[in-house]
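I have placed the structure first, in the form of structure tokens, so that the comments after it can refer back to it.
The values are calculated or read from the model by the stated rules, or taken from the named source; none is laboratory data. Every value quoted in this text rests on a predicted model; they were computed, and no experiment measured them. Methodologically, a virtual Cβ is constructed for each residue, glycine included, from the backbone with ideal geometry; neighbour enumeration extends over all protein chains shown. Just so you know, the surface numbers come from the protein's heavy atoms only, side chains and all, with ligands and any DNA or RNA stripped out. Shrake-Rupley method; radii C 1.70, N 1.55, O 1.52, S 1.80 Å.
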Amino acid sequence: MLVSNFDDSFRLMKNRAHVSCDRYYEQFELKIKSFFIHVYVEQEAEMEDVSDDLTTSILHLPDDCLAFIFLRLDSVADRDSFGLTSRRWLNIQNMNRKSLQFQCSFAVLDRFSLSQTNQDVNSYHFHRLLSRFQWLEHLSLSGCTELNDSSLASLRYPGARLHSLHLDCCFGISDDGISTIANSCPYLRVISLYRCNISDIGLEKLAMASLPLSCVNLSYCPLVSDFGIKALSQACSQLESVKISNCKSITGVGFTGCSSTLAYVDAESCQLEPKGVTGIISGGGIEFLNISGASCYIRRDGLTELGSGLASKLRILNLRMCRTVGDQSIEAIAKGCPLLHEWNLALCHEVRVLGWEAIGYNCHNLQKLHVNRCRNLCDRGLQGLRDGCKNLQVLYMNGNGRVSAAAVEMFRLRRANVAIKAEESMAIGPDWTLHTRG
């Protein structure tokens with residue numbers, strides 16, 4: 001009798017849903033039917049008294065049960081078909097959509113978040129979608145180049161629930177749009193503004209809104225300077241991750257006095273100064289630091305403050321292409337950062353024997369070391385690494401003209417457990433949003 005009632009319910013659903021492909025609908029029907037039968041058979045087995053004339057219809061299930069089923073559909077097509085059954089089921093589908101992105105987005109939030117439309121996203125289309133999906137928690141507008149500041153007014157629909165917002169390469173978004181975000185999204189934790197036309201004014205508006213921001217991406221935002229960074233770092237006490245790569249107006253001093261929660265900073269190719277590096281680590285919680293290519297104002301001893309104790313929690317350090325950093329800085333870091341397990345020193349030409357020996361002697365937890373194309377890595381320096389670094393697992397090495405083949409072979413014999421790889425990594429470490437402790 002149970003199966004018969006399900007058949008009646010599905011016939012009613014099939015009449016209501018305008019699905020052109022009967023073969024597909026039958027597959028979808030079987031999936032839902034088998035799940036419901038399984039659930040109700042289990043429930044009947046647990047009941048002591050079940051009336052013989054008990055009738056059960058899918059359409060009589062409460063909303064929370066239907067939502068439970070919807071969230072366990074394992075394909076995008078099934079989820080899209082769910083809302084075709086009735087207006088009530090459509091509302092359940094809308095309420096349970098937590099993330100949204102478009103075909104032009106650079107990275108996939110999750111496989112159920114992708115909009116199936118291939119058209120360019122304009123203000124009208126964006127408004128229609130957000131008025132429908134008002135329970136979104138994660139939204140990516142990356143690559144939606146037709147959107148402008150006024151388009152973001154539609155954020156008032158899901159804004160109170162929104163936790164993450166990606167606006168990468170939204171060239172029409174400026175400080176006015178940031179003001180709209182600050183006013184519409186009180187619980188925003190992650191915001192990516194990669195290549196957006198924002199300035200310190202926009203960052204000050206974010207800071208004044210007292211948002212619980214933990215992850216901020218400002219890479220390639222040329223109008224952002226230390227003033228905006230200072231406003232943000234002082235106001236956001238939960239800040240954990242900041243990307244400012246290729247922001248040429250940032251020296252790092254704006255981070256001075258930052259929260260101890262700040263653990264991840266990507267400042268590749270910034271115009272960092274020694275005082276700026278000290279500012280970045282001033283909170284004492286830094287675990288990942290990328291200052292590759294920041295050699296303009298940092299000389300041989302310019303990074304000695306990294307060994308002062310403020311960076312004692314540092315686990316991953318990228319100094320790639322810091323060509324002027326010398327042995328004094330390397331020795332200080334090796335001694336003052338005992339938790340280091342990955343260190344990129346590729347193209348650091350001023351690191352010499354004393355620096356390599358300091359790494360071997362002090363870096364007991366180091367697992368990965370990058371020394372690609374270091375001009376002053378010689379046989380003696382390689383020996384220093386060979387005789388130390390007891391937990392080393394991978395040595396990335398190629399283009400080291402002063403290292404002989406015999407020295408490399410001796411390293412292989414003495415440290416057979418260490419893999420020597422010729423590949424050169426441009427970036428190391430975790431994704432900036434995955435580093436959060438929350």
By residue number, the members of segment 363-380 that are within 35 Å of the chain's Cα centre (by Cα), surrounded by fewer than 24 Cβ atoms within 10 Å (Cβ to Cβ) and part of a loop (DSSP other than H, G, I, E, B) are His364, Asn365, Gln367, Asn372, Arg373, Arg375
Sort through Leu289, Leu223 and tell me the only one that's aliphatic (A, V, I, L, M) and within 22 Å of the chain's Cα centre (by Cα). Leu289
Residue under question is Ile198, and the condition is that it be free of Cβ contacts under 8 Å to residues at least 60 places away in the same chain and under 27 Å from Ala153 (Cβ atoms); does it hold? yes
Could you list, in sequence order, all residues of segment 152-168 that are under 22 Å from the mean Cα position of the chain (by Cα), of a type in the set (A, V, I, L, M, F, W, C) and surrounded by fewer than 19 Cβ atoms within 10 Å (Cβ to Cβ)? Ala160
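A quick yes/no check of all residues on (1) in contact with a Pro (Cβ under 6 Å, 6 or more places away or on another chain); (2) open to solvent by 10 Å² or more (accessible area, probe 1.4 Å); (3) closer than 21 Å to Gly285 by Cβ:
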| position | (1), (2), (3) |
| --- | --- |
| Ile191 | no, no, yes |
| Asn197 | no, yes, no |
| Leu223 | no, yes, no |
| Ala235 | no, yes, yes |
Only one residue in Ile173, Ile178 is touching a Gly at 6+ places or on another chain (Cβ under 7 Å) and closer than 13 Å to Leu193 by Cα. Which one? Ile178
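Evaluate the following for Gly257: is it at positive phi and surrounded by 23 or more Cβ atoms within 10 Å (Cβ to Cβ)?
no
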When restricted to Ser259, Ser245, the only residue assigned to a loop (DSSP other than H, G, I, E, B), touching a residue at least 12 places away in the same chain (Cβ under 8 Å) and touching a Leu at 6+ places or on another chain (Cβ under 7 Å) is Ser259
Out of contact with any strand residue (DSSP E or B) (no Cβ under 7 Å at 6 or more places or on another chain) and either among the small types (Gly, Ala, Ser) or surrounded by 21 or more Cβ atoms within 10 Å (Cβ to Cβ) (or both) - does that describe any residue in segment 341-349? yes
Can you tell me which of Glu240, Glu268 is in contact with a strand residue (DSSP E or B) (Cβ under 9 Å, 6 or more places away or on another chain), open to solvent by less than 30 Å² (accessible area, probe 1.4 Å) and charged (D, E, K, R)? Glu240
Arg414 - would you say it is more than 23 Å from Glu331 (Cβ to Cβ) and charged (D, E, K, R)? yes
Wholly enclosed helices (runs of 4 or more DSSP H) of segment 80-185 bearing at least 2 residues modelled with pLDDT of 90 or more: 123-132, 175-184
Suppose we keep only residues that are aliphatic (A, V, I, L, M) and closer than 12 Å to Ser329 by Cβ within segment 345-358. Which one would you say is nearest to the chain's Cα centre (by Cα)? Leu345
Could you please let me know if Leu211 is under 26 Å from His163 (Cβ atoms) and outside any loop (DSSP other than H, G, I, E, B)? no
Out of Glu424, Glu357, Glu409, I need the residue that is acidic (Asp, Glu), closer than 26 Å to Gly302 by Cβ, open to solvent by 20 Å² or more (accessible area, probe 1.4 Å) and not in a loop (DSSP other than H, G, I, E, B). Which one? Glu357
Which one of these does Ala263 not meet: (1) open to solvent by 10 Å² or more (accessible area, probe 1.4 Å); (2) farther than 23 Å from Pro222 by Cα? (1)
Which is outside any helix (DSSP H, G or I) and either in contact with a Leu (Cβ under 8 Å, 6 or more places away or on another chain) or crowded, with 22+ Cβ neighbours inside 10 Å (or both), of Ala294, Ala334? Ala294
Hey, can you tell me all the residues within segment 381-415 that are in contact (Cβ under 8 Å) with a residue 24 or more places away in the chain, among the charged types (D, E, K, R) and over 27 Å from Leu339 (Cβ atoms)? Arg402
When Asn318 is run through (1) at pLDDT below 95; (2) open to solvent by less than 10 Å² (accessible area, probe 1.4 Å); (3) of a type outside the set (A, V, I, L, M, F, W, C), the failure sits at (1)
Scanning segment 201-242 residue by residue, those among the hydrophobic types (A, V, I, L, M, F, W, C) and either touching a residue at least 60 places away in the same chain (Cβ under 8 Å) or within 20 Å of Leu289 (Cβ to Cβ) (or both) turn out to be Leu213, Cys215, Val216, Leu218, Cys221, Val224, Ile229, Leu232, Cys236, Leu239, Val242
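Can you tell me which residues in segment 394-438 are under 26 Å from the mean Cα position of the chain (by Cα) and of a type in the set (S, T, N, Q)?
Within segment 394-438, Ser425, Thr433, Thr436 qualify.
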